[in-house]
């Protein structure tokens with residue numbers, strides 16, 4: 001009985017403290033008839049963003065990085081694929 005009471009109390013607390021996400025529906029590709037890709041949703045940008053680390057390849061990078069566990073894989077136009085530890 002004590003276990004059930006604790007579970008109910010925890011569930012009620014979680015439900016009451018949860019922040020409900022709201023977003024505007026995109027009824028079609030591109031959001032609207034003009035395919036503007038714009039929404040009226042307001043997103044708060046964090047103010048404490050900053051550069052953590054930087055790595056220079058031998059040439060330009062045209063693709064997005066691939067992340068797996070603690071590693072970041074980046075393909076460069078110098079014909080190399082770089083494997084970087086994201087924590088260092």
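Read-outs: derived from the displayed coordinates by stated rules, not from any lab. As the structure is a prediction and not an experimental result, all values here were calculated from the model. Note: ideal-geometry Cβ built from the backbone for every residue, glycine included; neighbour counts use all protein chains shown.
With a Förster radius of 25 Å applied to the beta-carbon distance between residue 67 and residue 4, the computed FRET efficiency rounds to 0.05. At q = 0.11 Å⁻¹ the log10 of I(q)/I(0) for the chain amounts to -0.75, computed by Debye summation with a single uniform scatterer per C-alpha, solvent ignored. Residue exposure proxy: 78, 25, ordered by other Cβ atoms within 10 angstrom of their Cβ from fewest to most, comes out as 25, 78. By how many degrees, between 0 and 90 and to the nearest 10, does the Cα long axis of helix 2-17 differ from the longest principal axis of the chain? Helix 2-17 sits roughly 60 degrees off the main axis of the chain.
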